[in-house]
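Heads up: the structure comes next, in structure tokens.
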């Protein structure tokens, strides 16, 4: 898989909630362990295609909780 | 009917026929202790627990491998289902605990401070009374009728300047009386108070909506009317509650903010330290799904009709006193007969399992005038049949007549 964007969330439950919602919107994503360089959390992050960034960012505005941020795979 | 293995199958109505599968290996048994914990559970509950152990064996929220993800997905699924079941729009406002006692302790200990005053119903359980006493919190009992039902019009007179919380046992575990939660909550909010609803019995018996019913802390257990296993329960926070005002009961690993020694302040991690009971919650998920499929109104009607039958069958009998509410519980006493002796006789002669004594609710029994001897409690479930109730009526009448003849 090419370079993906990585969405960092506060807690794993948020990742499952986001994955479910993105898939409902036909935006493919996957959950993986968090790269150690970006977070000490034991949990997971949401990876998605950079081409979907706009759609994902629009979706994030509708969430009832905050996310930590979106970074590029290059930054890890 | 008797099978070729000599096992007796009770004659069940069609509503309950599917449930009896779980009963096949235990003949001559009538389980009427469903207010303590429901039994049997829908078959799908044990299947879900087994599936969770075998297929979702990782630690939810810790690690990103397939088994951890499977466990995490399952945990999120039950969280969504629980929230939806209780009319909560945000699944992360559900915090799981090991039972409702822990959920109630979480709120009382996490919210209240020295000097706060609390109003309680006259039917409270020791899950409320003991923490309040240990914390030294002053409380007043809301006046109720002889059956323990509160008149909401009398609440305002009891409110003090230091009153912060009203605690209400929604459906009594002693006599099944159901309190007018929505009206109590309306009065609480009008007076800037919060409402904690102990829904140990009522969850699964009545449709509950945390927002519309004006509840702030909806405490529930998974193993009674929600048909999950023991070891499951929790609290749901309404959108009105500032959860920063509630201190966690325990602190520890959450899989988040792992570099810090501080507890996360976001939900659900603020209140869910340590590995969650994923197998138990898988069972709770199946129990909730089963209720959705059957329809909570249908299940509730079945229980109410059976309790109605029991009440009708016993109410005119001399020597039997009824302490009857509106839920799915009926308490009785029999003149001249010790409750413990009655329970032994009921099980040995008719296979009827009951719960006697104070039911961990001495305040409720004081309200009903049955302290300290308590009562004999019958509690039904969707698995209880009309035949079970007919046998129970016959058994109680027989015991009452035998007691009268002896005395």
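The values are calculated or read from the model by the stated rules, or taken from the named source; none is laboratory data. Since the structure is predicted, the reported quantities are computational estimates derived from the model, not experimental observations. Backbone-built Cβ (ideal geometry, glycine too); neighbour counts: all protein chains shown.
Annotations for the structure displayed:
- The single condition among (1) surrounded by fewer than 20 Cβ atoms within 10 Å (Cβ to Cβ); (2) within 12 Å of the chain's Cα centre (by Cα); (3) without any contact (Cβ under 8 Å) to a residue 60 or more places away in the chain; (4) over 17 Å from residue B:61 (Cβ atoms) that residue A:32 does not satisfy is (4).
- Of the helices (runs of 4 or more DSSP H) lying entirely inside region B:33-120, the ones with 3 or more residues being within 14 Å of chain A (Cβ to nearest Cβ) and free of Cβ contacts under 8 Å to residues at least 12 places away in the same chain are found at B:66-85.
- Any hit, region B:185-193, residues being surrounded by 22 or more Cβ atoms within 10 Å (Cβ to Cβ) and either within 14 Å of chain A (Cβ to nearest Cβ) or in contact with a strand residue (DSSP E or B) (Cβ under 8 Å, 6 or more places away or on another chain) (or both): yes
- Residue B:288 being outside any loop (DSSP other than H, G, I, E, B), within 13 Å of chain A (Cβ to nearest Cβ) and either at pLDDT 95 or above or surrounded by 21 or more Cβ atoms within 10 Å (Cβ to Cβ) (or both): no
- Considering region A:5-24, the residues that are at the interface with chain B (Cβ under 7 Å from one of its Cβ atoms) and surrounded by fewer than 24 Cβ atoms within 10 Å (Cβ to Cβ) include one that is nearest to residue B:267 (Cα to Cα), namely A:10.
- Checked against (1) in contact with a helix residue (DSSP H, G or I) (Cβ under 7 Å, 6 or more places away or on another chain); (2) surrounded by fewer than 18 Cβ atoms within 10 Å (Cβ to Cβ), residue B:316 meets all criteria but (1).
- Residue in region B:384-399 that is assigned by TED's automatic domain parsing to the domain that holds residue B:323, within 13 Å of residue B:173 (Cα to Cα), surrounded by 18 or more Cβ atoms within 10 Å (Cβ to Cβ) and free of Cβ contacts under 8 Å to residues at least 60 places away in the same chain present: no
- Evaluating residue B:228 against the criteria (1) out of contact with any helix residue (DSSP H, G or I) (no Cβ under 6 Å at 6 or more places or on another chain); (2) away from chain A (no Cβ under 11 Å); (3) surrounded by 17 or more Cβ atoms within 10 Å (Cβ to Cβ) leaves one unmet condition, (1).
One line per residue, one yes/no per condition, for (1) part of a loop (DSSP other than H, G, I, E, B); (2) surrounded by 20 or more Cβ atoms within 10 Å (Cβ to Cβ):
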{"site": "B:244", "(1), (2)": "no, no"}
{"site": "B:255", "(1), (2)": "yes, yes"}
{"site": "B:267", "(1), (2)": "yes, yes"}
{"site": "B:274", "(1), (2)": "yes, no"}
{"site": "B:297", "(1), (2)": "no, no"}
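- Residues that are in a loop (DSSP other than H, G, I, E, B), over 19 Å from residue B:365 (Cα atoms) and out of contact with any strand residue (DSSP E or B) (no Cβ under 9 Å at 6 or more places or on another chain) do occur in region B:132-147.
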